[in-house]
Each structure stands twice: as structure tokens, then as C-alpha cells.
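J.: Before we start, here is the structure in question, set down as C-alpha cells.
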Amino acid sequence: MIAESMYQELILEHYKHPQGRGLRDPFDAEVHHVNPTCGDEITLRVKVDEGKVLDVSYEGQGCSISQAAASVLHELATGSTVEESLGVVDEFTRLMQGRGQVEADEDVLGDAVAFAGVAKYPARVKCALLSWMAYKDAVVRSA
Amino acid sequence: MFDVDLIRKDFPVLSRELPGGRSLVYLDSGNSSQKPNQVIDTMRDHLAHHYSNVGRAHHTLGAESTAAYEDARDAVAAFVKAPSRDEVIFTKNASEALNLVAYAFGNPIATDERFRVGPGDEIVISEMEHHSNIVPWQLLAQRTGATLRWFKVTDEGRLDLDGLDDLVNERTKIVSIVHQSNVLGTVNSVSPILARARQVGALMMLDASQSVPHMPVDVTELGVDFVAFTGHKMVGPSGIGVLWGRRELLDAMPPFLGGGEMIEAVWMDRSTYAPVPHKFEAGTPPIVEAIGLGAAAGYLTGIGMADVKAHEKALTGYALDALGEIPGLKVIGPRTNIARGGTISFTLKNLSGDDIHPHDVGQVLDDAFGIAVRVGHHCARPLHLRFGIPATTRASLYLYNTTDEIDALARGLHHVQKVFG
């Protein structure tokens, strides 16, 4: 079954039990991103203090991939530095846009490496990237 | 005698194997249909032995290519019972056909009163339209200051005709609605709307992209002014569509695109135009695609459109029953098998009552079972907004589908519910 390569257990777990979901105060920036081809959307807030990400909170609707990606993002970014987290975003983006040809750096990506299978499905790459692009945008706006 | 097993043998792709040893269950013909050998072979033969430009090449190949291209026009005209072959205009798709008509309105070149549009005039569409029958009319309204209005859709997925007399009135210039919805499957009743349009002197167009491939369509019997449809949904190639229009109106309309072969004579400061259909076919057309469409029309005629319709009606009834038994599945569109085609869109919940996103439904159906459906808003976002949902999963049936494939879909959906349970 090919589906197994995309719907890793870890993705389904994050989908069923999203981490850090819900919009919280205080926050420095809030962004709203949509995926026009499928209607997935996310509202995301960041709270940053002296280069450290104190909180990433979000609310959204969409497929399991987009929702799980937001949950994993929350876990990876919260508590790390802005610089570190943007490094993870870049590596995740490289993996997602690699058409399945890119070897993921597990040391950098942590749990996000579970999304490697998604890169083989061009139609789903945007689902995985939605919250991550929103995060990058929010961090830039918070500066 | 309609024999689906024999028909399936005409479509090579239906017997291919997908990666991982899955067999293909193609339930996405409303998106684009598969092609039979008869179409593939006709196109290959033309490319291999007869190809040249049409209309303007004065040699043997030019004559053969032109004859084949114009024969295709005859085949399409016969397929939709057009009173005259010259009323069949080849476009690149149904969208272009709809745009061609929309751009005829409010064009300063158009002197005919029926195509004059300005502030105070009204254009009527419906909430169940594909974007291709919405956006061209929005653009027309923006260009001219006219007002865009629309029929609402009932909870059951039918056009709400309650306000017909108010909606279509003396200010209405054109009513353009879909013949068969690409999401709901609803087949709209044309006559009451047409009668009102005639009463107030408005023109009427049908987007027949989803009806012409699936039922006998007779443009004369329909009685409307314009009909748009496309080749790739009726076992023909992509890149070729059709506008049928009443000759007298086509003659009154300004050209759409300017270019080669649409002219009669050209001076540096002005031109006169070729008679229809060539007036609307600027530039080298999709020659082989048109010839392929002619072959598609011939293929479907050989099988018989009444039989195609009957087969799909039986399949649709079977599918509505099978899907109706899946807990948490909700059909968006008519649940009774009356005045509806074989396009079934639905939402799905898991057994705990949580929504499963159509992307996830489609992905698991494909990856685990080789079942191809369409997921998303199917280029009909306003209709999804009306039902308060971002997207649906859509199974669309055609002459080559079987009850076994519907059983496979039902099994697949049960599996999806387990994965996302």
C-alpha cells in the first residue's frame, strides 16, 4: 500500500491529537494564509522575546497533512530560537520541494522528517507547507 | 446492444496497472474522460499520413487535412443535431466558447441591440456554475457596468426557480446556466427559464460540458441560443471545444480573436471578416484535436447516446444506494435518481463523527485501491460556499464504468474511515 509512505503513523497521531492548537495571547504577529486550490486555511500567531520563540499558536481547517504539519511546527519552533527555527523551515521547504529526490536531514528536522513521503505528491506539498510558510511570514512581521 | 465489457476493451488505459500492482478504477470522467482506440488511432493516422495546415494549404495534404477537419465539424454538428454545420465553431475548450459569447456583449463593434450592454442591464447565471460560467460574466459586468444576478440553489441541489419572474426580467440581456452540474449532477430543466427569457427578449446560453458527453442533446429541441461543450470530457482529446450558436446571432456578433483565416479581406486600416464558422476561428486551429473530436462523436454515436444515458442512470442509482449505506457520508446534490447524471459529490465523516478532508479521502482511495476521484471544490467554489463546505469528494461515472467499480469505491471509503478513525 503506497499510502503508508505518506500517512506515517506520526502524521496521523499529530492529526488526531494536534499539539498547541488554539490562538493564544500575548502575541507579536498574526497571519492568515490560505491554499486557494483546496480551501485549507490557517491563522497563526507568534510570540517572540529576545530572539527566542515563546509560543506558536494556530487555528485552521484542512486535510490531515496540513493540520499535522502545523502541530509538528508548533513542537519544533516553540522554545527554540528564531534563527534555529527558520533553519528548520528552510530544510523542511527544501525537502518538500525536492519531488522525493531530496535526502532529509533528520538531525535538523526531527519529527518533521515524517513528511518526506508527501514530497512525492506535488498536489499535497502546499498542504504540508501552508503552516510553515505562515510561520515564516509571522516571524518576519514580528521583528 | 450495450456491453460495458466490450466498451472497456476500447479504452486501453482501463486495463493498465498502476505502480504497486493496483488496477485502475477511474471515477473521474467528469474531470476528463479516457480515450478509446478509435479516437487515438484516428489522430495517430492523421498525424502520420495526412497532416498539414487547414484552409490555407493548396496541396494534396492540405486538401486531405482540410477535408478531415471539416468532416469533424459535420460529425459534431450531427452529434448535437445542429441545423447547420456552419453553426459549429471550434474553440480550444468550453471556457473559450463561453468567453467568446461573453465578449460579444458590450463590444462597441457590435451594432445589434441584443448585444448592447450597459449600466442597468442584467446578466443572469446560477449558484451552481463552474467558474468558467461565472468569471466571464463577472468580467462582462465589470466592463460594462451591468449587474450580475444569479439563481439560488435549494438544499437538495436544484435550481430555485421561485423568483424566476423577478430574476429574469425586461433588463436581462442574457441568461447563462449549466445544463448538468459538474458537482451536484443535477440536470436543469431548461424550458421554464427559456420561456421566461423569450418573454423578456433575453438570450440564453447553456454550459453543456457535462451533458453533451452523457445524454442525447439536440440543440434545436433545447431551443436556446448558444451551447458550449468540450472535447476531452466526451472521449475526445483536450485542446478542442465547441460553441454552437444560432446562425443569425453568430452573424450579428463581432469577431472574438483576430488573426489568420478569420478574414475576408484586410487593408492596413480595416478588415472584413469571413463568414461563420471561420469568423470565430482565428489562427491555425487545433487540427488533429478537432479530427479526434469528430472521431469521438462518431464513437459515441455508434454506441448510442440513449444507451450511454441508460447505462449511467442504472450505475447512478446503484451508486446512490451503495454510498447511502455508508454512515457519515452525505451526498451533496439530489439523492433521488431523477433529473440527475452520474456525478456524485459527497462529504465523509469518520465513525466518531469528525470530518475527513476530501484530500485525505482521495489520497487513500488512490494509494490503497487505485481509485481515481476528484477532490476539492471542482472549480465551483460559490456552490461549496452555499453548502458551507470547503470541498467535496466527487465520483463521476461514464459509459465504461461498472457496478464492480462502485463496490470498490464503497469498500475504499470504509477503509478511509478506518485510517482516519
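J.: Sort out which residues of the range A:127-143 are part of a helix (DSSP H, G or I) and farther than 14 Å from A:Val89 by Cα, and write them in order of number.
T.: Result: A:Cys127, A:Arg141, A:Ser142.
J.: Strands (runs of 3 or more DSSP E) wholly in the range A:1-92 with at least 1 residues that are within 13 Å of chain B (Cβ to nearest Cβ), of a type in the set (Asp, Glu) and under 25 Å from B:Arg381 (Cα atoms) - which ones?
T.: Filter on the range A:1-92 gives A:40-49.
J.: May I ask you to verify whether B:Ala339 is touching a Phe, Trp or Tyr at 6+ places or on another chain (Cβ under 6 Å) and away from chain A (no Cβ under 11 Å)?
T.: For B:Ala339, the condition - touching a Phe, Trp or Tyr at 6+ places or on another chain (Cβ under 6 Å) and away from chain A (no Cβ under 11 Å) - is not met.
J.: Taking the residues in the range A:93-106 that are assigned to a helix (DSSP H, G or I) and without any contact (Cβ under 8 Å) to a residue 24 or more places away in the chain as candidates, determine which candidate is nearest to A:Ser142 (Cα to Cα).
T.: The extreme case among them is A:Arg94.
J.: Which of (1) surrounded by fewer than 16 Cβ atoms within 10 Å (Cβ to Cβ); (2) of a type outside the set (Ser, Thr, Tyr); (3) in contact with a Pro (Cβ under 6 Å, 6 or more places away or on another chain) is the odd one out, the single condition B:Asp155 does not satisfy?
T.: Among (1) surrounded by fewer than 16 Cβ atoms within 10 Å (Cβ to Cβ); (2) of a type outside the set (Ser, Thr, Tyr); (3) in contact with a Pro (Cβ under 6 Å, 6 or more places away or on another chain), B:Asp155 violates only (3).
J.: A further question follows. Take A:Ala116 and decide whether it is in a loop (DSSP other than H, G, I, E, B), buried (at least 19 other Cβ atoms within 10 Å of the Cβ) and more than 14 Å from chain B (Cβ to nearest Cβ).
T.: It is false that A:Ala116 is in a loop (DSSP other than H, G, I, E, B), buried (at least 19 other Cβ atoms within 10 Å of the Cβ) and more than 14 Å from chain B (Cβ to nearest Cβ).
J.: From the residues in the range B:96-124 that are in a helix (DSSP H, G or I) and not aliphatic (A, V, I, L, M), which one is surrounded by the fewest Cβ atoms within 10 Å (Cβ to Cβ)?
T.: Among those that are in a helix (DSSP H, G or I) and not aliphatic (A, V, I, L, M), it is B:Glu113.
J.: Considering only residues that are outside any helix (DSSP H, G or I) and over 23 Å from the mean Cα position of the chain (by Cα), which ones fall in the range B:397-421?
T.: Hits for the range B:397-421 are B:Phe420, B:Gly421.
J.: Continuing with this model, one more query. Examine the range B:182-201 for a residue that is touching a Leu at 6+ places or on another chain (Cβ under 6 Å), closer than 16 Å to B:Phe90 by Cβ and of a type in the set (Val, Ile, Thr), and state whether such a residue exists.
T.: no
J.: Separate question: For the structure I just gave you, tell me whether B:Pro213 is surrounded by 15 or more Cβ atoms within 10 Å (Cβ to Cβ), within 18 Å of the chain's Cα centre (by Cα) and in a helix (DSSP H, G or I).
T.: The answer is no for B:Pro213.
J.: Can you tell me which residue is modelled with the lowest pLDDT among those in the range B:1-42 that are exposed (fewer than 13 other Cβ atoms within 10 Å of the Cβ) and within 15 Å of B:Thr301 (Cα to Cα)?
T.: Within the range B:1-42, the match that is modelled with the lowest pLDDT is B:Met1.
J.: Next up: Tell me, please, whether a residue that is closer than 26 Å to B:Ile371 by Cβ and among the basic types (Lys, Arg) can be found in the range A:13-35.
T.: Looking through the range A:13-35, at least one residue is closer than 26 Å to B:Ile371 by Cβ and among the basic types (Lys, Arg).
The values are calculated or read from the model by the stated rules, or taken from the named source; none is laboratory data. From a predicted model like this one, the values you see are computed outputs, not experimental measurements. Virtual Cβ from ideal backbone geometry, glycine too; neighbours counted across all protein chains shown.
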